[in-house]
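Reading through the structure tokens given below for one structure.
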Amino acid sequence: MARFRNKRKVAFVRPMAKKQQQQQSVDHVTGDKIPRSFVFARVKLPGPLKQLQTDLRKLTLPYTALKLKEKKRNNLKDFLNVAGPMGVTHFLMLSKTETAPYLRVARTPQGPTLTFKIHEYSLAVDVVRSQLRPRCPKDLFKNSPLIVLSGFGTGEQHLKLTTIMFQNIFPAIDINTVKLSSCQRIVLLNYDKEKKLIDFRHYSVRLQPVGVSRRIRKFVQNHQVPDLRSLQDVSDFVTKAGYGSESEADDEAATVSLPSDLGRVNRASTKSAVKLQEIGPRMTLQLIKIEEGLCSGGVIFNEYGMAILQNQAEYDLFFYFH
């Protein structure tokens, strides 16, 4: 009698609904797809620059490939082929020559590409080591950072192009609907017109209620019973010398009134002081060149030879990615 083998059962995986997939890849503010990035190296990097690459990947979280693996035989076309299906819109590429390291920021798939010379840089671990009380909450990198650009409004076209490029690396926000709890990081780029250098900084944002001592604030946040053995009265816990409010000397311009509650300490309609704490990395950049394609094509701007597109109409052709 013939034997009939039971067919092997195959696990069924329900495919993701198209509507749900579209919501994850589309920005609810602008309606455009959410910008995503790859951070990788074009050449073999020394240890410090390899760590800088890791820091830049953490900076662009959550819309980046944190554990991206590159091999020696990989070329730019390999990354470009993978970028399309994954919805990657920007490349941040590190390289190094005998004179200096460089950072290229490119829009995929057709450019343009901005090349920056890295004059100085500090790793995130170096910034943290220099601080007495480093701050890194577990959900600090859960949301994208806010982008702040200062000093770029000089009217020069290559700076306008730089502004648009950096603004589009991160998702846009709507100040009317954004949740305050999602605004925990800031990327600040400040352009020095005299030196023609860009100061690149990365900060964490926290709010402290004005007029509340550090002891009271910690008590509310941590839910821990304080040690009162050395005190004569409970009021000494609040009024003891040396433990007054840290916010008494805060600048009035650095305080805001919250429209809604934020945590257990910062309440709506009360003043809170905005505190920025650097988390790194830190870079000093100089814009060297702008190419119209992806690491190729005509040169739009060259710091060492201004000869490129001179009229406004030709520059406007390259703002299509805005």
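If we sort 124-133, 53-62 on the protection proxy, mean other Cβ atoms within 10 Å, highest first, what's the order?
Working: 124-133: 12.6, 53-62: 18.8.
Descending mean neighbour count gives 53-62, 124-133.
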The answer for trypsin sites (Lys or Arg not before Pro) in segment 67-97 that fall in a DSSP coil and have at most 12 neighbouring Cβ atoms within 10 Å is LYS67, LYS69, LYS71, LYS72, ARG73
Point-to-point label distance, GLU70-THR54, nm (Cα→Cβ direction, 7 Å offset)
1.6 nm
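Only the coordinates and a few stated rules stand behind these numbers; no lab work does. Remember, it's a predicted structure, so these values are computed and weren't measured experimentally. Quick reminder, even Gly has a Cβ in these numbers, built from the backbone with ideal geometry, and neighbours come from all protein chains shown.
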